[in-house]
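Scroll down for the structure; my scribbles are underneath it.
Just so you know, all these numbers are worked out from the coordinates, no wet-lab data involved. Since the structure is predicted, the reported quantities are computational estimates derived from the model, not experimental observations. For neighbour counting, all protein chains shown are included, and Cβ atoms are generated from backbone atoms with ideal geometry for every residue, glycine included.
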Amino acid sequence: MLPILLQSPALHVLAALLYLGLAVHFWRTRWRGAVLDQPVKGLVGWERAWLAAALAVHGVTLALALLPAAGPGMRFGFAVALSMITWLAVALYWIESLYARMESLQMLGLPLAAACALLPWLLPGQHLVANAESPVFRLHFLVAMLSYSLFTLAALHAVLMAVAEKRLHRGRMTPLFAGLPPLLTMESLLFRLIHIAFVLLTLTLASGVLFSEQIFGKALPLNHKTVFALLSWAIFAALLYGRHRYGWRGRKALRWTLSGFVALLLAYVGSRFVLEVLLDRSS
């Protein structure tokens, strides 16, 4: 019974339903009706346990999608990449919410996580990474995924800040948004995420350049994936420089954050989407 369950779409659907169920709960208890007149509440114990269960089931689906049933290597394509990035982002949100006020990311992150949990089942990639046993590749892969997930969390955070700032300027701040931390505090958290993610992205690019022969079996190619990754690095480098040198903040900082995130998505996820979905090629 258990092997059948693991090989069926049941776990993908279960993970999606757990995320969506929690999102509906938050919508009914935080985001609609009379509750809008109440201060924002943090996660209670059972909500935190529910989210942990969703992450656990989602994590199992990722492990099954990444590792082929027979033989060495690792499957890693467009769908698995998005699913893993979202899973790590929600996991980091779960951890970060223990120390910082990030509750309003629930309505942005949970539906996205539900959709991405289904992707490896709906769009199973056949792209095999043959050198996945290399310790250097594993380190490169781990750092890259952590970087992507932190930038995803930063992008969601930037969207939330943009909505809150827009409502503030229009004088339409509901108690839900008014109960969030001040924009300056949220901005500090945003740049903390970006700083950490930028360091990881730098390490990802550096390891790709220094160990390209060992990781990929050839010199680092100057293709669209490399170009978009370097472009994303340059955008975030300019953003951090502008922040420290000129005090960039507000809408300018949010625009640069989202621009860098889009470039980063195009670097790998976008290229794999074109190959696997639009062109129907796995290599």
> Amide H of Arg75: which non-local residues (sequence gap of 5 or more, or other chain) have their own amide H closer than 5 Å, using H built in the peptide plane?
Replying inline: Leu67, Val129
> So what's the net charge close to Leu258: Lys and Arg +1, Asp and Glu -1, counting the other residues with Cβ under 13 Å from its Cβ?
Replying inline: +3
> Using mean Cβ contacts within 10 Å as the protection proxy, how do 85-91, 226-232, 116-122 order, highest first?
Replying inline: 85-91, 116-122, 226-232
> Tell me, what HN-Hα J-couplings in whole Hz come from the Karplus equation 6.51 cos²θ - 1.76 cosθ + 1.60 at θ = phi - 60° for each residue of segment 248-255, using x for Gly and Pro?
Replying inline: 4, 7, x, 4, 4, 5, 5, 4
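Using a Förster distance of 35 Å, how high is the FRET efficiency between Val262 and Glu133, based on the Cβ-Cβ distance and rounded to 0.05? Each step should come with its number before you reach the end.
Details: r = 33 Å, r/R0 = 0.94.
Given R0 = 35 Å and the Cβ-Cβ separation, E is 0.60.
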> Pulled fully out, how much extra length does the chain show between His224 and Val209, if you take 0.36 nm times their separation in residues and subtract their Cα-Cα distance?
Replying inline: 3.9 nm
> Tell me, what is the FRET efficiency for Leu17 and Leu123 to the nearest 0.05, using R0 = 25 angstrom and their Cβ-Cβ distance as r?
Replying inline: 0.85
